[in-house]
Structures are given as structure tokens and as C-alpha cells.
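Scroll down for the structure; my scribbles are underneath it.
The values are calculated or read from the model by the stated rules, or taken from the named source; none is laboratory data. Source: prediction; values computed, not measured. Just so you know, the surface numbers come from the protein's heavy atoms only, side chains and all, with ligands and any DNA or RNA stripped out. Shrake-Rupley method; radii C 1.70, N 1.55, O 1.52, S 1.80 Å.
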Amino acid sequence: EVRQGEGTPSSSSAVETTAPTPPYTPSPMNASLIAPQLFTLVFILGAAAYLQVFVTGTARARFDKADPQRRAFVETTTGDGGESEPGWVERELARKGGTRPRGDRT
């Protein structure tokens, strides 16, 4: 036996019914938009590839060639193919004795 108001979230006695929703049907595709979208996608990918390959590579090569120390560093680190020398961060950590917990200095 179920008493009115016990175990029900609302105190109203009316039962709410919902209409069944129709199944989802996608709208038809507009085929006239495929060509412009593909062109835009190819253009953006081509621009990104150009920047990555040519502009960045050229700028890096010019920067490395302009500074004799940088040129020597690049030649020594890429020439032997083995383990490279420790970088600035590793040298500083070794010099200071490792990392320190945060909050001990301001």
C-alpha cells in the first residue's frame, strides 16, 4: 500500500506525461559548400607547412650562421650523434645542489 506523498518527489497527484520525441534525422548536406571548405582546408594546411618548413628553418639557419659561438655549439652538439653536453638548467641545478622546496625564500 502506497500512501499519498510518501516516496514521491512532488506532492501533486498529477502524473506528467511527455510526448515521444521523433528520431533524429540529419538535414541534407549542402554539396555546394564542399569545394570552398576543402579549398580553405588545403590553403591553411599549405600555409602552415610553408611556415614550418621554410620560414622557421631559414630563420634558424640564419641565426645559427650569424653567431660564431652558436654555429660552433650547433656543430658540436649535432656532429657527434651521441649524448650532448648538459644544458644551462642542468648545469645550474648541479651548481646549486639540486632543486629546493618552494616557499623557503621569497
**Report entry** Every residue from segment 34-47 that is open to solvent by less than 90 Å² (accessible area, probe 1.4 Å) and not hydroxyl-bearing (Ser, Thr, Tyr)
**Finding:** 34, 35, 36, 46, 47
**Report entry** Candidate set: segment 48-106, residues that are polar (S, T, N, Q) and modelled with pLDDT under 70; chosen: the one most open to solvent (accessible area, probe 1.4 Å)
**Finding:** 106
